[in-house]
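> A single structure is presented below for examination.
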Ligand code: BTN
């Protein structure tokens, strides 16, 4: 893998975006840092990024614009990480679209940013994983959050985790490029929380109330609205 590791950076997303001209377009480039001073989450939120305890990574790659199910790339990374944790003997769950939870608490988040060109798309897929963060640092985060260490009672090796994640994601991405999200659909849906439950959903502008019905084969979410209509959404956020 092409790996750029930084001691400190504002955000690995912003670094990757401003250095994209230097990257090899047909390979995955991974930018990581020991700490981020302006770590960013979805919906303009801050991503708490203390030094040396967590994994902060942006995967950059280029993908043809006609790629099937492109809107579900972030869900693909979510699934790669969740399946890695399952192989480590843990019981991860997914809060659609891309939060990985352990014991109903968030341990990782994903931010997918894209730059469209005529024939291809530059993808900046950022993942933050709370690895060895301890309880006091976690209590500063608003959401119910946790870390791998807190849930397993042991320290995790950050470099080793990145290597495994990279390998898993690279394999999954190669399959995704050929077959889209469909091969991952069943496994992803099996890990979903709140299936069949009444939820509040925010699409970035407006909040909806509905029953979380199912996941479509391309990774989108279907909600059953109070008037009986089905509503399919590709991004946004489920609120508690
Ligand atoms: C979220 O759940 O809101 C997404 C969080 C994404 C955080 C990662 S950490 C590495 C990369 N750099 C950033 O500034 N954000 C992403």
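> Given the criteria outside any helix (DSSP H, G or I), touching a helix residue (DSSP H, G or I) at 6+ places or on another chain (Cβ under 8 Å) and within 12 Å of the ligand (Cβ to nearest atom), does residue 113 qualify?
Taking the combined requirement at face value, the residue satisfies it.
> Evaluate the following for residue 7: is it modelled with pLDDT of 95 or more, more than 10 Å from the ligand (Cβ to nearest atom) and over 15 Å from the mean Cα position of the chain (by Cα)?
Yes.
> Restricting to the range 110-129, name every residue that is in contact with a strand residue (DSSP E or B) (Cβ under 7 Å, 6 or more places away or on another chain) and either surrounded by fewer than 21 Cβ atoms within 10 Å (Cβ to Cβ) or over 19 Å from residue 235 (Cβ atoms) (or both).
Within the range 110-129, 113, 114, 115, 119, 120, 121, 122, 129 qualify.
> May I ask you to verify whether residue 178 is within 16 Å of the ligand (Cβ to nearest atom), free of Cβ contacts under 8 Å to residues at least 60 places away in the same chain and assigned to a helix (DSSP H, G or I)?
no
> Give 228, 196, 219 a once-over and let me know the one that is closer than 23 Å to residue 84 by Cβ and either in contact (Cβ under 8 Å) with a residue 12 or more places away in the chain or in a loop (DSSP other than H, G, I, E, B) (or both).
Just a single option satisfies the conditions, and that option is 219.
> Here's a follow-up. Of everything in the range 98-110 that's more than 18 Å from residue 59 (Cα to Cα) and part of a strand (DSSP E or B), which residue is farthest from the ligand (Cβ to nearest atom)?
Of everything passing the filter in the range 98-110, 102 is farthest from the ligand (Cβ to nearest atom).
> What are the residues in the range 50-73 that are within 13 Å of residue 185 (Cα to Cα) and touching a strand residue (DSSP E or B) at 6+ places or on another chain (Cβ under 9 Å), if any?
Once the filter is applied, which keeps residues that are within 13 Å of residue 185 (Cα to Cα) and touching a strand residue (DSSP E or B) at 6+ places or on another chain (Cβ under 9 Å), the range 50-73 yields only 73.
> Also: Determine, yes or no, whether residue 12 is in contact with a strand residue (DSSP E or B) (Cβ under 7 Å, 6 or more places away or on another chain), within 26 Å of residue 176 (Cα to Cα) and within 10 Å of the ligand (Cβ to nearest atom).
In short, yes.
> Restrict the check to the range 137-144 and report whether at least one residue is in a helix (DSSP H, G or I) and either away from the ligand (no atom under 11 Å from the Cβ) or at pLDDT 95 or above (or both).
yes
> Another question, if that's okay. Among the residues of the range 31-71, how many are more than 9 Å from the ligand (Cβ to nearest atom), in contact (Cβ under 8 Å) with a residue 12 or more places away in the chain and under 21 Å from residue 123 (Cβ atoms)?
12
> Go through (1) closer than 30 Å to residue 51 by Cβ; (2) in a helix (DSSP H, G or I) for residue 154 and report which single condition fails.
(2)
> Hey, can you tell me all the residues within the range 17-27 that are within 15 Å of the ligand (Cβ to nearest atom) and within 16 Å of residue 63 (Cα to Cα)?
17, 20, listed by residue number.
> Let me ask something else about it. Given (1) within 10 Å of the ligand (Cβ to nearest atom); (2) modelled with pLDDT under 95, identify the lone condition not met by residue 128.
Residue 128 satisfies all of (1) within 10 Å of the ligand (Cβ to nearest atom); (2) modelled with pLDDT under 95 except (2).
The values are calculated or read from the model by the stated rules, or taken from the named source; none is laboratory data. These figures come from a predicted structure and were not determined experimentally. So basically every Cβ, Gly included, is an ideal-geometry build from the backbone, and we count neighbours across all protein chains shown.
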